[in-house]
Ligand code: ADP
Ligand code: MG
């Protein structure tokens, strides 16, 4: 059974059709990369999985359960955004613990989970800093830390690296992959960067104009692109 399954999912904003008929299985522990040009509906799809956006057709299941009408906070997913969305007035430790505290987790457990996440992400010495006192890469790590402490069933990333410079982006790709290997959680990663998709994905899903052009392992799409769009968009593996 797929961990996250989309069945004939569609989305229109008012009269504007954005996604037409998306069917896709994401397996437990799989690293799935949604790639496609700007405006093709990647963020919309991710937000529908997260429950931050209504779906206008079809069905989404998580762990076999239909979630179409389930509020975001009950879906047990953690989302990491491009803009980090850190609370500017809170120290790193508080940014990471905020959601857990809100959910009523015991103090000792919160402390332990923040300490574990900080160790995994190399944030141990930054816990007392404010976001403005951090570099871009450090802020991105805090955003990931905030997701990890919740121990969600899956991670959703929306272009988390596009604000970083090229060198740091390559480093963070490796960090996110290492994290995925360590935690083994289903991950849906959105990007418009073909290289990012090729180097990170177990499965690439190429979106264009509201449809899936093709999905499969990177090398399969590279070797056997179904059409010119996929061939042109995928480019070459590194
Ligand atoms: P991507 O993330 O691939 O760049 P988006 O999912 O953000 O694409 O957007 C897909 C399309 O839906 C775009 O045409 C965008 O303008 C439109 N769109 C996105 N969000 C909204 C919204 N809240 N209301 C109306 N149109 C939207
Ligand atoms: Mg987007």
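Numerical summary
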{"item": "Segment 48-88 - residue that is buried (at least 17 other Cβ atoms within 10 Å of the Cβ), more than 16 Å from ligand 2 (Cβ to nearest atom) and farther than 18 Å from residue 187 by Cβ and, of those, modelled with the highest pLDDT", "result": "58"}
{"item": "Conditions (1) crowded, with 18+ Cβ neighbours inside 10 Å; (2) at pLDDT below 90; (3) within 19 Å of residue 33 (Cα to Cα); number of the one not met by residue 121", "result": "(3)"}
{"item": "Residue in segment 49-72 that is assigned to a helix (DSSP H, G or I) and either out of contact with any strand residue (DSSP E or B) (no Cβ under 9 Å at 6 or more places or on another chain) or without any contact (Cβ under 8 Å) to a residue 24 or more places away in the chain (or both) present", "result": "yes"}
{"item": "Failed condition for residue 171, given (1) away from ligand 2 (no atom under 16 Å from the Cβ); (2) in a helix (DSSP H, G or I); (3) in contact with a strand residue (DSSP E or B) (Cβ under 8 Å, 6 or more places away or on another chain)", "result": "(3)"}
{"item": "Top-ranked residue of segment 136-163 - restricted to ones that are modelled with pLDDT under 90 and more than 24 Å from residue 49 (Cβ to Cβ), ranked as farthest from ligand 1 (Cβ to nearest atom)", "result": "137"}
{"item": "When residues of segment 14-46 are limited to those that are without any contact (Cβ under 8 Å) to a residue 12 or more places away in the chain and within 16 Å of ligand 2 (Cβ to nearest atom), the one farthest from residue 210 (Cα to Cα)", "result": "16"}
{"item": "Of all residues in segment 186-210 being crowded, with 20+ Cβ neighbours inside 10 Å, assigned to a helix (DSSP H, G or I) and more than 16 Å from ligand 2 (Cβ to nearest atom), the one that is modelled with the highest pLDDT", "result": "200"}
{"item": "Answer from 24, 34, 19 - the residue that is closer than 26 Å to residue 229 by Cα, away from ligand 1 (no atom under 13 Å from the Cβ) and either out of contact with any strand residue (DSSP E or B) (no Cβ under 9 Å at 6 or more places or on another chain) or in a strand (DSSP E or B) (or both)", "result": "24"}
{"item": "Every residue from segment 214-229 that is in a helix (DSSP H, G or I) and crowded, with 18+ Cβ neighbours inside 10 Å", "result": "218, 221"}
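The values are calculated or read from the model by the stated rules, or taken from the named source; none is laboratory data. On a predicted model such as this, the values are computed, not experimentally measured, just so you know. Heads up, the Cβs are rebuilt from the backbone with ideal geometry, glycines too, and the neighbour counts pull from every protein chain shown.
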